[in-house]
1. For the stretch 29-51, how many residues are more than 24 Å from A103 (Cα to Cα) and surrounded by fewer than 19 Cβ atoms within 10 Å (Cβ to Cβ)?
2. Considering only the stretch 8-64, how many residues are under 16 Å from C85 (Cα atoms), β-branched (V, I, T) and more than 9 Å from the chain's Cα centre (by Cα)?
3. Consider only pairs whose beta carbons are under 7 Å apart and that are at least six residues apart or on different chains; among these, list those whose first residue lies in the stretch 92-111 and is of a type in the set (D, E) and whose second residue is in a loop (DSSP other than H, G, I, E, B).
4. From the set of residues in the stretch 73-109 that are of a type outside the set (A, V, I, L, M, F, W, C) and loosely packed, with under 12 Cβ neighbours inside 10 Å, which is farthest from T30 (Cα to Cα)?
5. Please determine whether any residue of the stretch 102-116 is under 12 Å from T6 (Cβ atoms) and of a type in the set (S, T, N, Q).
6. Find the residue count for the stretch 25-60, including only residues that are in contact (Cβ under 8 Å) with a residue 60 or more places away in the chain and either of a type outside the set (D, E, K, R) or in contact with a His (Cβ under 6 Å, 6 or more places away or on another chain) (or both).
Amino acid sequence: MTWVITSLCQEKEDMACVEVCPVDCIVKRTDSDPAWPAQLYIDPEECISCGVCEPECPWEAIYEDEQVPEVFEADIAKNAAIVECRDDFSVPERGEIDAPSPADVEANKAKWGMTS
């Protein structure tokens, strides 16, 4: 079991999860390759499955791989694929980012087809 950052993170990189990760397995692409959406990813080979990242994500974008909603199933493979090009990713630093409101989180989920 490992953790997966889903597409709910696209263009929403809060990075609170990065700050709490004890093994620095949460990474971001260092270039703007269009095959890789602008979001954070979890390296499954480095993840120790501690789960401390999940409650820190204000966008509710992190799931255990077995719990990823069906609409985001492709994100499991996308996170796993970073292993093949790991040199193109690095652990980002967190800047000043405002936390989303509950309405922002719900609107982001609705954009991806998730309903409460």
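Coordinate-derived values only; no laboratory data. This is a predicted model, so every value here is computed, not measured. Every residue, glycine among them, receives a Cβ derived from its backbone with ideal geometry; neighbour counts consider all protein chains shown.
1. Of the residues in the stretch 29-51, 13 are more than 24 Å from A103 (Cα to Cα) and surrounded by fewer than 19 Cβ atoms within 10 Å (Cβ to Cβ).
2. 1
3. E106/S116
4. P102
5. Within the stretch 102-116 (the criterion being under 12 Å from T6 (Cβ atoms) and of a type in the set (S, T, N, Q)), the answer is yes, since at least one residue qualifies.
6. Number of matching residues: 3.
Table: residues versus (1) under 25 Å from E106 (Cα atoms); (2) touching a helix residue (DSSP H, G or I) at 6+ places or on another chain (Cβ under 6 Å); (3) surrounded by fewer than 20 Cβ atoms within 10 Å (Cβ to Cβ).
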residue	(1), (2), (3)
I5	yes, no, no
V20	yes, yes, yes
V23	no, no, yes
Y63	yes, no, yes
E66	yes, no, yes
